[in-house]
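Below: the structure, in structure tokens.
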Amino acid sequence: MPPDIWLSRINWSEDGLIPVIAQEVESGTVLMVAWMNREALKLTVEKGEAVYWSRSRKKLWHKGEESGHIQKIKDIFLDCDEDVLLLIVEQIGGIACHTGRHSCFFQKLEGNSWISNAPVIKDPDEIYNK
């Protein structure tokens, strides 16, 4: 059996991608949602760290390559329809979001307004040296 046969089990989208949820192992917090292609998933498994496909930049993106906030893989799950991945990760540095917050899900709907309910842990300008 070919070593990458497990990749064939995935229902990739027409553009060769699969949505990926990153969840923190310690707290269970959903940190972010991103995308992977076959190469990103293979690299994630090989490295033991999250590698995503950036749809905006059209290239592979090793999470934390600029910020240092890598995601160490603890487990990888495929959902029942085989079209969504769940990564259980250790979030190094406690920051998953490019805004400097712990999670990308910090905007809560209250009435008819989106309210930020999480503090910025570190200014993004300091993280990305812009």
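The values are calculated or read from the model by the stated rules, or taken from the named source; none is laboratory data. Nothing here was measured: the structure is a model prediction, and the numbers come from that model. Neighbour counts run over all protein chains shown; Cβ positions are idealised from the backbone, glycine included. Ligands, DNA and RNA are excluded from the accessible area calculation, which covers all protein heavy atoms including side chains. Shrake-Rupley method; radii C 1.70, N 1.55, O 1.52, S 1.80 Å.
If a residue must be under 27 Å from residue 17 (Cβ atoms), in a strand (DSSP E or B) and either at pLDDT below 95 or out of contact with any Gly (no Cβ under 7 Å at 6 or more places or on another chain) (or both), how many such residues does region 73-108 contain? Qualifying residue count for the region: 13.
From the list 76, 121, which one is of a type in the set (A, V, I, L, M, F, W, C) and open to solvent by 70 Å² or more (accessible area, probe 1.4 Å)? Unique residue meeting the criteria: 121. In a residue-by-residue description of region 49-61, the property of being of a type in the set (Lys, Arg) and closer than 19 Å to residue 23 by Cβ applies to no position.
Criterion first (more than 27 Å from residue 37 (Cβ to Cβ), open to solvent by 50 Å² or more (accessible area, probe 1.4 Å) and in contact with a helix residue (DSSP H, G or I) (Cβ under 8 Å, 6 or more places away or on another chain)) does residue 115 satisfy it? The answer is no for residue 115. Residues considered: 51, 89. Of these, the only one that is among the β-branched types (Val, Ile, Thr), in contact with a Phe, Trp or Tyr (Cβ under 9 Å, 6 or more places away or on another chain) and closer than 30 Å to residue 119 by Cβ is 51.
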